[in-house]
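Please read the structure below before turning to the comments.
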Amino acid sequence: MTDAQERRKLLARWPIVVTGFTGVLACSFDRFHEDAERVMGHPIWTHQFGDADFAERIKEAYRAEFLELVEATENLQGAVGA
């Protein structure tokens with residue numbers, strides 16, 4: 001994958017993953033809801049997002065991808081001398 005393709009992939013995933021890991025909405029709720037169902041592997045009712053235990057499970061489900069994106073971002077910044 002080229003650096004440009006990698007940057008596009010990061011830009012597309014970053015807001016969704018940040019939302020899943022932090023609980024702060026950084027993209028449209030519809031995009032996040034759809035992705036959360038994919039990550040969790042089952043349908044999610046809207047009211048479930050307000051449950052603290054469920055929110056913690058979502059955070060854990062996104063943790064690995066969040067850390068991967070942080071590392072990839074750092075690697076890309078290093079590659080361009082930022």
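Quick look at the numbers
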{"item": "Evaluation of Thr73 against (1) exposed (fewer than 12 other Cβ atoms within 10 Å of the Cβ); (2) at pLDDT below 95 (one fails), failing number", "result": "(1)"}
{"item": "Close pairs from the stretch 4-33: first in contact (Cβ under 8 Å) with a residue 60 or more places away in the chain and of a type in the set (Asp, Glu), partner surrounded by 15 or more Cβ atoms within 10 Å (Cβ to Cβ) and assigned to a helix (DSSP H, G or I), Cβ under 9 Å, at least 6 apart", "result": "Glu6/Ala72"}
{"item": "Residue in the stretch 56-65 that is more than 10 Å from the chain's Cα centre (by Cα), among the hydrophobic types (A, V, I, L, M, F, W, C) and exposed (fewer than 15 other Cβ atoms within 10 Å of the Cβ) present", "result": "no"}
{"item": "Unique residue being among the aromatic types (Phe, Trp, Tyr), touching a residue at least 40 places away in the same chain (Cβ under 8 Å) and assigned to a helix (DSSP H, G or I) when the list is Phe66, Phe49, Phe54", "result": "Phe66"}
{"item": "When residues of the stretch 17-55 are limited to those that are among the charged types (D, E, K, R) and closer than 22 Å to Glu6 by Cα, the one surrounded by the most Cβ atoms within 10 Å (Cβ to Cβ)", "result": "Asp35"}
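The values are calculated or read from the model by the stated rules, or taken from the named source; none is laboratory data. Being a predicted model, the structure only gives us computed values, none of them experimental. No Cβ is skipped: glycine too gets one built from the backbone with ideal geometry, and neighbour counts run over all protein chains shown.
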